[in-house]
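Each remark here refers to the structure printed beneath this line.
The values are calculated or read from the model by the stated rules, or taken from the named source; none is laboratory data. Quantities reported herein were computed from a predicted structural model and do not represent experimental measurements. Positions of Cβ are generated from backbone atoms using ideal geometry, with glycine treated the same way; all protein chains shown enter the neighbour counts.
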Amino acid sequence: MSEPGFKTLQRRFAAHLRNPDSHPAPENIEDRRLDIYRNLFFNNVNGFIRQGFPVLHSILDSQRWERLVRSFFEHHACQTPYFLEIPREFVSFLASGKGREPEDPPFLLELAHYEWMELVLDASTEEIPRTGVQEQGDLLRAIPQLSPLHAVLSYHFPVHHICDTFQPDQPQEQPIWLLVYRDREDVVRFMEINAPTARLLQLIDEHPDETGKAVVARLAEELQFADVEKLEHFSRDILQQMRERDILIGTTLKSC
């Protein structure tokens, strides 16, 4: 078989595996053998996605779930061959809107993103540093150090509460801020935070060489909060809570 002919056969074979209902199988291939490949390829992808998005899987009926995964399998061009990256590719597919149907819940993409972020932190090879920081250092006078195993997220739906019995059909009036993190025991956890706390953590991340006091001053300026001393007192309590949860892992001293 010539190279162009072989490539044509490959494309027809791949198209058939992606969606047997839309693309007929190449001629002269036993259907029994094709069926092995049809089931093997789809079931592997379906299994990875189902494991990565258990809540999403639980709230969609089985037929809708299969159509969604089949659409992803047929239409999405993955940018990586690694199985562990399939959930990220699935979120990208949902964000494109290609697999959506009119009856899908309005929170579908946000819920998928939230579940993916939990998976990202769970599978991350990053570790909380054991040296180079003062675990009990002053969080305002010194430079607070963030754990690499955290993410500040914002959604329009309370994705952390969605389940079989709670499926909101309207977004919240105000954004919902969630902090997802992995602690020193390698347990992925989350907590709901408010917008100022989210911004405080973002500012620490954006200004890694500034003391906690300097970061709070930036926050006060952004919020147009005149009583900086009062905000420092409030922020110290927040930062201490973050340290207790392994979101802040300690402090370092400002270099001269």
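Got a number for residues in the range 10-28 being loosely packed, with under 14 Cβ neighbours inside 10 Å and either in a loop (DSSP other than H, G, I, E, B) or of a type in the set (D, E, K, R) (or both)?
Residues in the range 10-28 being loosely packed, with under 14 Cβ neighbours inside 10 Å and either in a loop (DSSP other than H, G, I, E, B) or of a type in the set (D, E, K, R) (or both): 6 in total.
Between residues in the range 126-137 that are more than 18 Å from ASP186 (Cα to Cα) and residues that are in a loop (DSSP other than H, G, I, E, B), which pairs lie under 7 Å by C-beta distance while being six or more apart or on different chains?
Short answer, once both residue conditions are applied: GLN134/ALA142.
So which strands (runs of 3 or more DSSP E) stay within the range 162-256 end to end and still have 2 or more residues that are touching a residue at least 24 places away in the same chain (Cβ under 8 Å), within 23 Å of PRO129 (Cα to Cα) and over 21 Å from the mean Cα position of the chain (by Cα)?
Values: elements: 176-182, 188-193, 248-252.
Answer list for the range 162-256: 248-252.
Only residues that are more than 16 Å from PHE42 (Cβ to Cβ) and either touching a Gly at 6+ places or on another chain (Cβ under 7 Å) or of a type in the set (A, V, I, L, M) (or both): list them for the range 62-94, please.
Of everything in the range 62-94, those that are more than 16 Å from PHE42 (Cβ to Cβ) and either touching a Gly at 6+ places or on another chain (Cβ under 7 Å) or of a type in the set (A, V, I, L, M) (or both) turn out to be ALA77, LEU84, PRO87, VAL91, LEU94.
Looking only at the range 138-149, count every residue that is within 22 Å of GLU192 (Cβ to Cβ) and crowded, with 21+ Cβ neighbours inside 10 Å and tell me the total.
Total meeting the criteria: 4.
Just checking, which of PHE41, PHE72 is of a type in the set (A, V, I, L, M, F, W, C), touching a Phe, Trp or Tyr at 6+ places or on another chain (Cβ under 9 Å) and either in the same structural domain as MET191 (by TED's automatic domain parsing) or surrounded by fewer than 18 Cβ atoms within 10 Å (Cβ to Cβ) (or both)?
Answer to the selection: PHE41.
Given the structure, is PHE73 on the phi < 0 side of the Ramachandran plot and assigned to a helix (DSSP H, G or I)?
yes
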